[in-house]
Amino acid sequence: MKNILAIIAALCLGMTASAQVHQLDLRDSLSRSSYYTSVQVPDGNYRVAVTIGHKKKAGSTTVRAESRRLMIENLPTKKGETQVVTFLVNKRTPRISATEAVHIKERERAKLNWDDLLTFEITGDCQVVQYITIERDTVAPTVFLCGNSTVVDQDDEPWASWGQMITRWFGDGVCFCNLAESGETASTFISAGRLKKGLSMMKAGDYIIMEFGHNDQKQKSPGSGAYYNFATALKTFVDEARKRGATPLFITPTQRRLFDADGHVRESHGDYPEAMAWVAAREQCPLIDLHTMSRTLIETLGIEGSKKMFVHYPAGSYPGQDKDFADNTHFNPYGAYQLAKCVIQGLREQNIGFIEFLRPDFPTDYSPSFPDNIKAFHWVESLRVDLVKPDGN
C-alpha cells in the first residue's frame, strides 16, 4: 500500500525533490478527511515542516508519522490562518550493514516503521495540510526507545503505547527512534539485532531508554531470572551505549490492570522492577519509576474507570470484531497518552538533558493522581485496525 501511496505523492501531489530536500504539495488533498502520503529516503533523522491552514475554512489537524507516532494533535487553525509546525522523525529499515539485518517478526513486515518509505498519516476533524517539507538532520540528539508492547509504535487501532505518544510533546530539537517490539525481553531484543541496529545509528550525545520486565519474567530457562540474565542484559545496554558517548536511562515496567479485593493494583512483575532499580543504582543510571506511577494512575481511575485506558471494547466496536476486547496489559490511545505524560514528568523531575526541547504546552503540574479527563481526550482514529492482540501479556 505504501508503494502506491508514494507514487501518488510523487506523481499526483506534485512532489519536488533534491538530494537534500523533499517537498510534498498536498493542496489537492485538502478535501480528504484522512490519507497517507510517503517519500522514499535513506535511513536517518529528518526535520519535517508541515504547513497547515486553509483560506476558506477553519481546521483541526492531526499528523502522525510512520507507525502512528503522534506528532501534531488536533491543531486548530482559523479561516485564512496558516501555521508551520516542525518536528524530527526517524526513518529506518531492518538493514544494519551489508551482511546484517534485524530479525523482524512476520507481523512486523507490514509495519510502516520498517520499510524504505517515510510515511505521514494526515487526519483530523478537518485536516488542512498544504505542504510537508522534509530535510535530513544529522545534528540533533536521538532518543532510542527499547522495550516491548507497552513501548512499541503500535500501527493499528485500538492498540497504543507510550513510545508513540511521547513524540507529540517534543519540538524539533530531539528525535525519537522507537526500536521496541511486542513480546520482546531484554535478551531477545539484543539477540534479534534490535540493539545493534540502534548502535549502528547512535552518536555521542544521544540517549537510550530501556523499559523491560513484562516478558522477561516468563523466561524459565537455565540462567534466567531478574538478577541473572535480565540484569546482565540491562548492563549490556548500558555498556554499549556508553562506549558511543550516549546516556542510558531505565524505566520500570508499567503495571497490569489487576486488582485485589481492596481495589489496589496487585503486583505481577516479581523481582524485575527491583532488579532494574538495582542495576540502575549500580551503574549510576537515571531511573524513572513508571511501575509506581502507573499503579497510581490505574488506582486513581479505579476498577471500572481504568478499563478506559486499556483495550476494553465490546464486540462490534470495530469492523469484524465478533468478540469483546478485555485486555489488561495493552493500552489504548488514552492510556498510552497518560503514560507518556508520566514518563515526561519523570524526565522533567530528573532534568534529563533533552527535556529542554519539551513543547511549552505540556502541563506544568501533570500527576498520575490527576489524569486527564477521558471525556476531554479526543483521538481521531487511524484507518488501520487490527483485531489480533500484540505479542506478550
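Once the Cα-Cα distance is subtracted from the 0.36 nm per residue extended length, the Ala101 to Arg282 segment shows a gain of 61.9 nm. Taking a cut-off of 25 Å, what percent of all Cα-Cα pairs in the chain are separated by more than that? Value for the chain (Cα pairs over 25 Å): 55 percent. Do the sum for the chain: with -39,500 (n - 2.57) for every DSSP H run of n ≥ 4, divided by all residues, what is the mean residue ellipticity at 222 nm, to the nearest 500 deg cm²/dmol? Result for the chain, helices only: -6000 deg cm²/dmol. Accessible surface of Trp379, taken over heavy atoms with a 1.4 Å probe and every protein chain present, rounds to 40 Å².
A cut-off under 13 angstrom between Cβ atoms defines the neighbours of Phe370, and their net charge, with Lys, Arg +1 and Asp, Glu -1, is -2. For the pair His264 and Asp28, label points projected 7 Å from Cα toward Cβ lie 6.3 nm apart.
In plain terms, the chain from Asn74 to Asn393 could stretch by 111.7 nm, reckoned as 0.36 nm per residue minus the Cα-Cα distance. For His54, the solvent-accessible surface with a 1.4 Å probe is about 40 Å², rounded to the nearest 10. In this calculation the C-beta distance from Val139 to Ser221 is compared with R0 = 56 Å, giving a FRET efficiency of 0.85. Accessible surface comparison of Ser31, Ser224, probe 1.4 Å, protein chains only, largest first: the order is Ser31, Ser224. Averaged per residue, the chain has 40 square angstrom of accessible surface, using a 1.4 angstrom probe with ligands and nucleic acids left out. When the accessible area of the chain is split by element with a 1.4 Å probe, what percent falls to carbon and sulfur? Whole-percent figure for carbon plus sulfur exposure: 52. Distance from the Cα centroid of the stretch 37-116 to that of the stretch 309-380 is 20 Å (rounded to whole angstrom). Largest accessible area first, the residues Val143, Val21 order themselves as Val21, Val143 under a 1.4 Å probe with ligands, DNA and RNA left out. Figure note: Arg359, Arg257, Arg64, Arg109 ranked by solvent-accessible area, largest first, 1.4 Å probe, ligands and nucleic acids not counted: Arg109, Arg359, Arg257, Arg64. Within the stretch 264-294, list the GluC sites (Glu not before Pro) lying in a DSSP loop whose Cβ has at most 14 other Cβ atoms in a 10 Å radius. The qualifying sites are Glu267. Cys126 contributes an accessible area of around 40 Å² to the protein surface, as traced by a 1.4 Å probe with all chains present.
What is the list of residues in the stretch 164-185 whose amide nitrogen lies under 18 Å from a point 7 angstrom out from the Cα of Leu358, following Cα to Cβ? Under 18 Å, as judged by backbone N against the label point of Leu358, lie 164-176 of the stretch 164-185.
Across the stretch 9-132 the C-alpha pair distances fall into 5 Å bins from zero in the proportions 2, 10, 20, 22, 18, 12, 8, 4, 2, 1, 0 percent.
In the chain, Cα pairs under 8 Å separated by at least six residues give a relative contact order of 16 percent. Modelled spin-label separation between Tyr228 and Glu304, with each label point placed 7 Å from Cα along the Cα-to-Cβ direction: 4.6 nm.
The values are calculated or read from the model by the stated rules, or taken from the named source; none is laboratory data. Keep in mind that what you see is a predicted model, and the values were worked out from it rather than measured. Here the Cβ is made from the backbone with ideal geometry for all residues, glycine too, and neighbour counts use every protein chain on show. Note: areas computed on protein heavy atoms with side chains; ligands, DNA, RNA excluded. Shrake-Rupley method; radii C 1.70, N 1.55, O 1.52, S 1.80 Å.
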